[in-house]
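Undergrad: There's a structure below that I have some questions on.
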Amino acid sequence: MAALVLPAALLVFTLLVAPMALLARISLNHYSPTELMVEAFTAENYIRAVADPYYQQVLATTLGVAFLCTVLTVLLGFPAAYWLARMESNRKSIATILTLLPLLVGNVVRSAGWMALLGNEGGINAALRALHLTSGPLQLLYTPGAVIVGITAVVLPYMVLTLAAVIESIPRQAEEAAANLGATASTVFRRVVLPLSLPGVAAGSVLVFILCMNAYATPLLLGGPQFKMMAPAVYDQFVRGNNWPFGAALAFILLVATLVLTVIGSMALSRRYRG
Amino acid sequence: MSTLVLDRLRKRYDRTTAVERVDLTAKQGELVALLGPSGCGKTTTLRMVAGFIAPTDGRVLIGDRDVTQVPVHLRNTGMVFQAYALFQHMTVAQNVAFGLEMRRVERAEREKRVAEALRLVRLDHLADRMPRQLSGGQQQRVALARALVVNPAVFLLDEPLSNLDAKLRAEVRMEIRALQQRLGLTTLIVTHDQEEALTMADRLVVMERGRVRQIGTPEELYENPADVFVASFVGNCNLVAGTLERPGSFRTQSGTLLPCTSEAPAANDGLVLALRPERVTVTPGEGAPGDIRAQVTAVTYLGAQTEYHLDLNGTTLRASRSTPLHDDPLRRIAPGEKLTLSWDAASARLLPAETETGDET
Amino acid sequence: MTISRRTLLSGSAALLTAAATGAPKNAVAQAGGQVVIGTWGGDYGELLRQLIDQQFTAQSKIEVLQDIGNNSPRKSKLLAERQNRRGSMDVSCLSDSDTYQMMQQNVLDKLATDRIPRLGTVIEALRKDYAVPHIYSAMVILYNPSKVTTPPTSYADLWDAKWRGRVGLSDILYNYNTAVAALAGGGSMSDFGPANKRLMDWRSLDVKIYPSNEALATGLKSEEVWLAPMWLARGYMWKKAGIPLNHVVPKEGAVPVVYEAAVPRNARNKDNAWRYLNAMLEPQAQIGFAERMGYVPTVRDAQLPAELAREISLTEAQQATLKTPDHAYLLQHTASILDFWNKDFKG
Ligand SMILES: Nc1ncnc2c1ncn2[C@@H]1O[C@H](COP(=O)(O)OP(=O)(O)OP(=O)(O)O)[C@@H](O)[C@H]1O
Ligand SMILES: [Mg+2]
């Protein structure tokens with residue numbers, strides 16, 4: 001038995017635990033401009049990250065964006081997921097593939113598409129000008145709004161598919177029973193479909209929240225240089241600043257913040273479900 | 001609680017016609033069973049009454065009101081689904097209270113009626129359980145209580161017993177019937193189990209391929225089936241093709257002459273003699289000349305009943321009777337031996353032969 | 001916990017490198033017949049292949065293998081392999097500041113000058129004893145001639161209130177942009193002190209920051225911005241792509257960037273590596289890079305066509321005033337430069 005799980009355990013260890021442990025170790029090292037990384041056991045990187053209003057702001061932005069995008073994906077994803085889940089089976093497989101299709105496009109390429117659309121000379125501004133709705137270009141690209149739209153578009157398929165799987169498991173007859181007992185369509189949704197979908201909302205939100213917290217390419221390309229989220233900040237420290245210890249500390253703070261909020265969030269949702 | 005009228009109800013899909021034409025009037029407090037082979041349109045008919053399916057043609061009337069265009073939630077029907085369809089996230093009591101909440105019944109009144117309904121189905125002690133913590137039979141009774149508690153104008157059940165084991169099925173069947181009678185509910189129940197239909201229903205509607213074959217009390221259907229399909233679907237029946245030799249005498253295709261009723265329908269394509277196996281009396285021995293003789297091909301012992309498979313010069317018949325006692329010579333009859341048969345000529349009914357055979361998939 | 005610094009550093013770097021680049025294509029380079037070039041992919045790698053490798057292999061029978069990746073994983077790899085007896089790269093292509101950093105970390109070998117005869121033709125100002133300059137360009141001022149009728153003459157003109165909101169910067173060039181600010185503020189390549197005030201002035205003049213060089217090009221093309229400090233090579237390519245641009249070399253001297261090639265101490269095929277460095281300095285190859293990428297030859301005997309020379313070359317006088325980065329200073333301050341750029345200037 002132990003021999004059977006050993007390869008998997010080993011794989012998980014090398015792929016997950018070992019790099020994490022290494023990252024944790026690096027985050028306790030000391031940074032020197034000339035020697036780059038000096039072995040130490042210091043909390044200085046964490047203290048600096050937590051105390052610096054700049055990084056507080058970056059974390060706050062990251063949390064805000066992740067939260068907003070998660071809420072948006074739930075709101076946009078639910079109708080789509082419901083529609084998908086209740087589709088006839090032969091059409092459902094096609095629709096599922098169509099839902100997955102956007103994931104085939106990398107985030108960088110997809111962001112390029114958004115840039116072409118949102119830029120000052122982009123599709124939307126051109127259309128607005130052609131319709132004489134605006135005179136000058138509307139600043140759409142390099143705004144927080146662009147990032148939120150961009151990230152939402154990236155993570156939406158994950159939410160839709162997670163929700164659809166759960167909604168599919170709700171018997172249609174439960175909805176019919178509610179209608180038969182006098183519930184209007186909106187009441188059926190509120191009293192039957194929504195509560196029974198909450199586990200899916202929780203699972204989808206956790207997944208999407210984690211993805212949003214770690215978004216890299218989209219904030220970088222659509223948010224513009226002034227807009228900072230955690231993942232690009234970590235990259236900055238590793239690659240541009242050569243400051244591995246501080247970058248590792250930021251990465252760990254991101255990880256812990258994500259973990260804590262994920263656990264709290266799903267606990268709150270599951271309590272709601274039970275009650 | 002009202003009458004239910006289905007008026008030329010019809011449902012067409014792109015390629016199939018699920019229900020061709022159903023006319024039916026269920027009286028106040030009557031239990032009507034829709035019976036028929038799989039795919040004959042029973043569920044479709046029931047769902048048109050509930051409002052889940054819009055009919056292509058025809059009307060549904062509850063009481064005197066034409067509800068054909070009324071949405072599901074305003075029809076005031078109480079439906080019990082085959083898979084119960086309980087709300088898994090609500091307790092038993094919450095499930096039962098749902099319909100009352102939708103009708104804005106006051107809390108105190110609501111609680112009283114929920115308790116009453118649960119008492120009615122003998123589940124008052126499980127009010128706070130979640131559905132998943134109940135047995136199949138208990139879940140079924142919750143579904144019944146949930147549908148009944150709102151005093152529906154029409155009570156609808158779609159194969160409510162098919163997920164239960166045989167013993168429980170018989171029990172719940174009686175329970176449903178008792179409740180229905182006590183509350184005087186106009187009820188439409190779907191089943192493809194003829195025994196279920198015969199024991200529960202005031203009247204049966206036998207359907208085949210979207211059409212009504214016959215409507216009548218269990219006794220009418222059994223004793224006086226309108227056609228070969230009904231005769232074969234409701235109960236066991238010997239069906240022998242042939243022609244009328246003269247009034248009271250039927251010639252089978254193999255040439256054997258059999259006594260039959262003198263009431264013959266006008267039929268061009270030949271006739272079918274319908275004779276219930278239990279109406280055939282068997283006596284050991286060759287009998288007298290002129291008696292109907294048969295050779296035993298098989299004897300099937302069914303406990304209380306014994307069935308004899310018989311050959312009459314090429315015509316096969318089945319006879320059944322209560323299993324003979326040990327000292328009865330019939331008890332020792334074996335295949336190959338001879339028997340003498342007799343029946344009351346009036347029991348052998350004549351039906352027009354079917355040109356098109358029933359599709360019993 | 002008794003992880004020595006050495007194992008920890010190399011182990012972690014190797015892991016990060018593997019994550020960033022995947023396993024190296026040629027973990028075991030055969031001695032004798034090969035040379036492994038750590039380089040960028042894209043145009044640069046492709047031009048190496050076309051302009052150098054083909055001829056090099058034909059003449060020397062040495063097979064050239066490219067280990068493609070961005071500069072940062074390449075640096076990580078060099079650092080990670082530093083302690084190994086034999087490394088996986090024979091030649092490492094990096095920018096001058098990165099190469100300097102690697103030299104500081106004791107990664108690179110001293111050039112075997114006798115093995116690289118063409119070193120003698122290299123422009124004096126670009127010579128180093130640990131790396132060969134391959135191509136270079138300088139940070140000039142690009143401007144849109146239809147909008148900017150009196151061209152700027154110095155970096156400081158980028159702070160003219162006339163150009164409020166019309167100056168564009170590329171975010172990835174933060175240290176060079178800071179150098180420009182330092183020079184404009186009276187500092188030097190060894191004193192970025194005055195840069196901070198200048199950066200904040202820029203900020204109040206609504207300077208536009210683009211996330212990448214390409215995004216800046218889009219801004220110039222749409223005439224959202226009219227002026228930008230940028231590599232001349234890039235400006236040349238953009239002009240060729242139809243963006244309305246002219247350039248001036250600032251009179252106080254332009255900041256150059258040199259793309260260099262160096263040999264790690266633990267290279268397996270050092271002989272081949274020296275030969276390869278020599279091939280990189282051949283006039284034909286140098287001219288090819290100038291034509292295709294707009295970078296200026298680093299050797300004196302590579303004659304560019306007159307037309308091209310006018311577009312991308314610096315005059316003798318301009319070459320003489322180049323503000324060569326003080327890499328030691330930069331390395332020491334890179335963290336604080338980035339911090340100021342991110343937190344104060346952009347934040
Ligand atoms: N949505 C639909 N689209 C097309 N055909 C349908 C649809 N629903 C039902 N049918 C067809 O209509 C016919 C009647 O179906 P229905 O469900 O009413 O049968 P049933 O009598 O309830 O059978 P069973 O005893 O198997 O439940 C069947 O042939 C079925 O294939
Ligand atoms: Mg059915």
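Undergrad: Grab the beta carbon distance between A:Leu4 and A:Ala165, set R0 = 35 Å, and tell me the FRET efficiency rounded to 0.05.
TA: In this case the efficiency is close to 0.75.
Undergrad: Right, another one. For chain B, modelled as a GNM with alpha-carbon contacts under 10 angstrom, which of B:Thr186, B:Thr316, B:Thr43 fluctuates the most?
TA: Its mean-square fluctuation being the largest, the pick is B:Thr316.
Undergrad: Give me the compactness ratio for the range C:202-347, meaning the Cα radius of gyration over 2.2 N^0.38 Å.
TA: Working it through for the range C:202-347, the quotient is 1.26.
Undergrad: Would you list, by chain and number, the aspartates and glutamates whose Cα falls below 13 Å from the Cα of C:Lys323, excluding same-chain residues fewer than 8 positions away?
TA: C:Asp191, C:Glu252
Undergrad: Right, something else. For C:His134, what residues show an amide H to amide H distance below 5 Å, using hydrogens built from the backbone and excluding near sequence neighbours?
TA: Amide H neighbours of C:His134, under 5 Å, 5+ apart: C:Tyr259, C:Glu260, C:Ala261.
Undergrad: Mean-square fluctuation check for chain B, GNM, Cα pairs under 10 Å: which of B:Asn236, B:Asn313, B:Asn163 is largest?
TA: Highest fluctuation of the listed residues: B:Asn313.
Undergrad: Related question: Can you give me the convex hull volume of the Cα atoms of the range B:4-223, divided per residue and expressed in Å³?
TA: Per-residue hull volume (Cα only) is 122 Å³.
Undergrad: Here's something else I'd like to know. How much accessible surface area, in Å² rounded to 10, belongs to the heavy atoms of C:Lys110 with a 1.4 Å probe?
TA: That residue has around 130 Å² of solvent-accessible surface.
Undergrad: Give the B-A buried accessible area in Å², both sides summed, 1.4 Å probe, nearest 100.
TA: Summing both sides, the interface buries roughly 1800 Å².
Undergrad: Another one. In sequence order, what are the phi-derived ³J(HN,Hα) couplings for the range A:10-20 according to the Karplus relation 6.51 cos²θ - 1.76 cosθ + 1.60 with θ = phi - 60°, rounded to whole Hz, with x for glycine and proline?
TA: 5, 5, 4, 5, 5, 7, 10, 5, 4, x, 4
Undergrad: What is the sum of charges, Lys and Arg at +1 and Asp and Glu at -1, for the other residues whose Cβ falls under 11 Å from the Cβ of C:Val258?
TA: Overall, the nearby charge balance is -1.
Undergrad: Report, to one decimal in Å, the Kirkwood hydrodynamic radius for the protein assembly as shown based on all distinct Cα pairs.
TA: Hydrodynamic radius (Kirkwood, Cα pairs) of the protein assembly as shown is 36.6 Å.
Undergrad: Sort C:Lys61, C:Lys75 by heavy-atom solvent-accessible area, probe 1.4 angstrom, most to least.
TA: Sorted by accessible area, descending: C:Lys61, C:Lys75.
Undergrad: How many Å² of accessible area per residue for the protein assembly as shown, probe 1.4 Å?
TA: Counting only protein heavy atoms, the per-residue value for the protein assembly as shown is 44 Å².
Undergrad: What residue among A:Leu181, A:Leu118, A:Leu103 has the largest mean-square fluctuation in a Gaussian network model of chain A, using Cα springs under 10 Å?
TA: A:Leu181
Undergrad: Which value, in Å² and to the nearest 10, is the accessible area of B:Glu171 when all protein chains are kept and the probe is 1.4 Å?
TA: My reading of the accessible area for B:Glu171 is about 80 Å².
Undergrad: Here's something else I'd like to know. Tell me the carbon and sulfur percent of the accessible area for the range B:236-352, rounded to whole percent, probe radius 1.4 Å.
TA: About 49 percent, which is the carbon plus sulfur part of the accessible surface.
Undergrad: Which residues belonging to the range A:1-33 lose at least 20 Å² of 1.4 Å-probe accessible area when the assembly is complete, relative to their chain isolated?
TA: Relative to the lone chain, where solvent access is computed with a 1.4 Å probe, the range A:1-33 loses at least 20 Å² at A:Leu22, A:Arg25, A:Ile26, A:Tyr31, A:Pro33.
Undergrad: Of B:Arg10, A:Arg110, C:Arg300, which has the most accessible area with a 1.4 Å probe, and how do the rest follow in descending order?
TA: C:Arg300, B:Arg10, A:Arg110
Undergrad: Let me ask you something else. Which whole DSSP H helices in chain B pass both tests: a Cα extent of 20 Å or more along the axis and a mean Kyte-Doolittle value no lower than -1.0?
TA: Helix filter hits for chain B: B:166-183.
Undergrad: OK, next. Partner chain Cβ atoms within 10 Å, averaged over the residues of B:74-85 - can you pull that number for me?
TA: Partner Cβ neighbours, averaged per residue: 4.
Undergrad: Could you report the buried accessible area between C and A, both sides summed, computed with a 1.4 Å probe and given in Å² to the nearest 100?
TA: 3100 Å²
Undergrad: Related question: Rounded to the nearest 10 Å², what accessible area does C:Val299 have for a 1.4 Å probe in the complete protein model?
TA: Using a 1.4 Å probe on the heavy atoms, I get roughly 10 Å².
Undergrad: Please work out the FRET efficiency for the pair A:Glu88 and A:Ala116, using the Cβ-Cβ distance as r and a Förster radius of 45 Å; give the result to the nearest 0.05.
TA: Efficiency computed from Cβ-Cβ geometry: 0.80.
Undergrad: Suppose accessible area is computed on protein heavy atoms with a 1.4 Å probe; arrange A:His30, C:His327 from highest to lowest.
TA: So, going from the largest accessible area down, we get A:His30, C:His327.
Undergrad: Please give the net charge around B:Ile176, taking every other residue with its beta carbon less than 15 angstrom from that of B:Ile176, where Lys and Arg add +1 and Asp and Glu add -1.
TA: -2
Undergrad: C:Ala112: net charge of surrounding residues, Cβ under 14 Å, Lys/Arg +1, Asp/Glu -1, itself excluded?
TA: +2
Undergrad: Please work out the FRET efficiency for the pair B:Glu245 and B:Arg182, using the Cβ-Cβ distance as r and a Förster radius of 51 Å; give the result to the nearest 0.05.
TA: So, using R0 = 51 Å, E works out to roughly 0.45.
Undergrad: Give me the residues in the range A:159-186 whose solvent-accessible area, probe 1.4 Å, is reduced by at least 50 Å² once all protein chains are included instead of the chain isolated.
TA: A:Gln173, A:Glu176, A:Asn180, A:Leu181
Undergrad: Rounded, prolate or oblate for the range A:43-274? Axes are the square roots of the Cα gyration tensor eigenvalues, ordered a ≥ b ≥ c, and the cut-off for rounded is a/c under 1.5.
TA: Taking the square roots of the gyration eigenvalues as a ≥ b ≥ c, the range A:43-274 is oblate.
Undergrad: Separate question: What angle, in degrees between 0 and 90 and rounded to the nearest 10, separates the Cα long axis of helix A:53-85 from the longest principal axis of the Cα atoms of chain A?
TA: 20 degrees
The values are calculated or read from the model by the stated rules, or taken from the named source; none is laboratory data. Being a predicted model, the structure only gives us computed values, none of them experimental. In this analysis, Cβ positions are derived from the backbone assuming ideal geometry, glycine residues included, and neighbour counts consider all displayed protein chains. In case anyone asks, the SASA skips ligands and DNA or RNA and just uses the protein heavy atoms, side chains included. Shrake-Rupley method; radii C 1.70, N 1.55, O 1.52, S 1.80 Å.
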